[in-house]
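Just below is one structure, and these are the notes that go with it.
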Amino acid sequence: MPPTHPPLQAAVLGKPIGHSKSPVLHAAAYELLGAPVSYRAIELDPAQAPAHISRLRAGGWAGCSVTMPLKDVFVPYMDELSERVARLGALNTIVVREDGSLYGQNTDVDGLVLALADFGLTSCEQPSILGSGNTALAAIEACAELGARELRLIVRDASRAARAATLARSLGITPSVIEVASLRGDALTEAQLVFSTLPPRAADDWIPYLGTGSGILLDVAYDPWPSALASSWQGKTISGLHMLVHQAVEQAQAFSRIHFDDLLRENVTNAMYTSLGLHRHG
């Protein structure tokens with residue numbers, strides 16, 4: 001019999017991390033693929049990043065999914081960055097290549113675009129984004145892929161939105177930065193698409209200022225679900241779990257080192273949805 005090699009390690013890194021659905025999603029993918037990858041959750045704060053990079057470089061790893069508060073922390077440690085990460089300054093994926101080098105990717109953008117496509121939206125000229133942090137940067141990049149020309153960035157503090165506004169302009173999008181406290185409850189009535197990139201419950205006290213809308217709301221939060229914002233929304237709502245599945249599919253392709261053709265991608269995507277008991281199209 002040929003020698004058996006231990007499975008490659010992979011993990012989701014963040015703090016807090018106990019709520020993460022990523023281990024369930026990735027386990028479903030590697031079972032379907034028959035890929036020797038063992039995936040778990042590791043609680044990690046920014047001060048522990050250098051030690052973890054040393055572990056990755058020691059061998060036996062396929063890669064890591066990266067969530068808050070680490071998406072920008074790991075960027076300087078990568079040997080190579082995707083063009084997207086170089087623009088955003090944030091990654092959600094560390095790929096350990098077969099030669100041992102570390103490659104930083106951001107599949108959050110894919111997650112957003114593909115989740116919207118499942119709900120029939122493939123273009124939008126004037127979307128709105130709530131928030132201006134790292135996930136908002138991914139949403140801005142997604143807006144560019146959707147053909148956006150103008151963008152409303154609704155934020156708590158306009159002085160902290162410069163990075164997001166600069167990114168939008170670099171992608172050919174004209175941003176308007178609006179402080180939420182200046183709104184009067186009808187800001188989103190006509191919006192075709194709204195991304196909420198705020199942490200769980202952070203949008204709760206924004207609702208009186210925002211009002212509701214009849215377009216699509218993609219709320220990256222998913223615990224609790226529906227969020228207060230989603231509960232108050234009159235149009236279609238998409239939870240962050242849909243984004244989570246699609247960004248994880250891209251990661252599973254990298255970590256398994258198996259090329260996904262269209263059929264295999266569909267099968268992996270559907271296996272991940274099944275693992276969560278989630279309906280893919282709402």
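The values are calculated or read from the model by the stated rules, or taken from the named source; none is laboratory data. Note that this is a predicted model, so its numbers are computed, not measured. Cβ coordinates were reconstructed from backbone atoms using ideal geometry, including for glycine residues, and neighbour counts include every protein chain displayed. Each accessible area value is taken on the protein alone, full model and side chains, heavy atoms only, with ligands, DNA and RNA left out. Shrake-Rupley method; radii C 1.70, N 1.55, O 1.52, S 1.80 Å.
At a glance:
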quantity: Region 219-282: C-alpha gyration tensor shape, a/c 1.5 cut-off, then a/b vs b/c; calculated: prolate
quantity: Size of charge dipole - the chain - debye, nearest 20, with Cβ of Lys, Arg +1 and Asp, Glu -1, no other charges; calculated: 400 debye
quantity: DSSP bridge orientation in the chain - percent antiparallel, rounded to nearest 5; calculated: 20 percent
quantity: Computed lengthening from His5 to Asp223, 0.36 nm per intervening residue step minus Cα-Cα distance; calculated: 74.7 nm
quantity: Stretch in the chain that is longest and holds no GluC sites (Glu not before Pro) that DSSP places in a loop and that have at most 15 other beta carbons within 10 Å; calculated: 1-97
quantity: Max mean-square fluctuation residue, GNM over the chain, Cα-Cα springs under 10 Å, options Pro69, Pro224, Pro175; calculated: Pro224
quantity: Rounded if a/c under 1.5, otherwise prolate or oblate - region 64-131, Cα gyration tensor axes; calculated: prolate
quantity: D_trans [Stokes-Einstein, Kirkwood Rh over alpha-carbon pairs] for region 29-78, 20 °C, 1.002 mPa s, µm² s⁻¹; calculated: 174 µm²/s
quantity: For region 118-193: Kirkwood Rh in Å [reciprocal of mean 1/r, alpha carbons]; calculated: 12.5 Å
quantity: Chain lengthening between Arg280 and Leu171 when straightened (0.36 nm per residue, less Cα-Cα); calculated: 36.3 nm
quantity: Accessible area of the chain belonging to carbon and sulfur atoms, whole % at 1.4 Å probe; calculated: 51 percent
quantity: Dimensions in Å of region 1-69 - Rg and Dmax from alpha carbons; calculated: 13.2, 45
quantity: On Cα atoms only, tilt of 240-256 relative to the major axis of the chain in degrees; calculated: 30 degrees
quantity: Two-site FRET efficiency, Thr189 against Ile42, from Cβ-Cβ distance with R₀ of 41 Å, rounded to 0.05; calculated: 0.40
